[in-house]
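Questions regarding the structure given below will be posed in turn.
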Amino acid sequence: MKNKMVRRGYTLIELSISMTVGSTLLILSAGLIHQAMRYHSVTRDRAHEHQMLDRLGGDLRHDVHRAIAARLTAADEVQLKYDGNRFIHYKINRHWVEKTHVQANRTTRMESYSFKRPIVGSFELLESPQLVSLTIQSPEEIQGTRKATPRRISASLSRLARHEIGEVSDE
């Protein structure tokens with residue numbers, strides 16, 4: 001009677017092939033997870049940037065509509081005058097826009113609109129119609145994405161005061 005050998009394990013070659021296939025799949029999945037996390041981070045930063053620009057645009061329009069006069073103190077700074085001795089200054093810095101409320105030559109409140117990427121921007125005063133305009137953009141690209149388009153925010157000076165005396169209709 002012949003003794004039959006029962007095979008109870010795997011050969012060294014089978015183990016080596018399965019480990020190679022497993023490690024290849026692990027490396028590919030780690031790369032995909034890293035890429036997905038990077039895209040998520042870029043998307044989150046862009047969403048934060050858009051949210052901050054929307055907030056800045058709303059606040060700037062609100063302030064310009066209530067102001068009675070505006071003047072540029074620099075290309076990146078505008079001063080809005082209100083009745084009495086009240087002013088609001090907007091100043092663009094490298095990573096934020098700063099809004100300062102001044103009353104009777106004293107700072108009463110400061111706000112900032114911060115951005116993760118550096119920004120460049122400029123204010124512009126247009127005479128006819130009287131508009132205050134802000135153009136803002138990020139000069140840098142985030143790796144793997146296209147450069148953000150410039151955003152322009154414009155508001156009509158003294159719009160609320162003109163509404164009150166009937167110079168501007170709601171239409």
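Among (1) 117, 39, 24; (2) 48, 26, 22; (3) 70, 34, 27, find the value of Cα extents along the principal axes in Å that was calculated from the structure presented, and write down its label.
(1)
Would you calculate, for the chain, the mean residue ellipticity at 222 nm contributed by helices, counting each DSSP H stretch of 4 or more residues as -39,500 (n - 2.57) and dividing by all residues, to the nearest 500?
After summing the helix terms and dividing by residue count, I get -13000 deg cm²/dmol.
Then there is this: Explain nothing, just compute: Karplus ³J(HN,Hα) = 6.51 cos²θ - 1.76 cosθ + 1.60, θ = phi - 60°, for every residue of the range 125-135 in order, whole Hz, x for Gly and Pro.
3J(HN,Hα) across the range 125-135, in whole Hz: 10, 10, 7, 10, x, 6, 10, 10, 10, 10, 10.
Please check: in the Gaussian network model of the chain (C-alpha springs, under 10 Å), which one of H40, H89, H101 has the largest mean-square fluctuation.
H40
Quantify, in whole percent, the carbon and sulfur part of the accessible surface of the chain (1.4 Å probe; protein heavy atoms only).
56 percent
What full-extension length gain, to one decimal in nm, is calculated for I27 and S154 as 0.36 nm per residue of separation minus the Cα-Cα distance?
Residue separation times 0.36 nm, minus the Cα-Cα distance, leaves 40.7 nm.
Any idea what angle helix 12-66 forms with the longest principal axis of the chain, computed on alpha-carbon atoms, 0 to 90 degrees, nearest 10?
Around 10 degrees separate the two axes.
Let me ask you something else. List the residues, sorted by chain then number, that are 5 or more residues from L131 or on another chain and whose placed amide H is less than 5 Å from its amide H.
L126, L157
Now a separate question. Have a look at G57, G121, G22 and tell me which one the Gaussian network model of the chain (Cα, springs below 10 Å) gives the largest fluctuation.
G22
Follow-up question, since we're still on this one. How large is the dipole of the chain about the Cα centre if only Lys and Arg carry +1 and Asp and Glu carry -1, each at its Cβ, rounded to the nearest 20 debye?
Computed about the Cα centre, the dipole is about 1300 debye.
Determine how large the accessible area of M37 is when every protein chain is in place; take a 1.4 Å probe and give Å² rounded to the nearest 10.
Per-residue accessible area (M37): approximately 130 Å².
Over the chain, how many pairs of lysines fall under 24 Å by alpha carbon, counting only those 8 or more apart in sequence or from different chains?
Number of lysine pairs found: 7.
Most mobile of L26, L131, L12 per a Gaussian network model of the chain (Cα springs, under 10 Å)?
Fluctuation is largest for L12.
The values are calculated or read from the model by the stated rules, or taken from the named source; none is laboratory data. It should be emphasised that the depicted structure is a prediction, and the values quoted were computed from it without experimental measurement. With ideal geometry, Cβ positions are generated from the backbone for all residues, glycine too; neighbour counts draw on all protein chains shown. Surface areas here come from the heavy atoms of the whole protein model, side chains and all, with no ligands, DNA or RNA. Shrake-Rupley method; radii C 1.70, N 1.55, O 1.52, S 1.80 Å.
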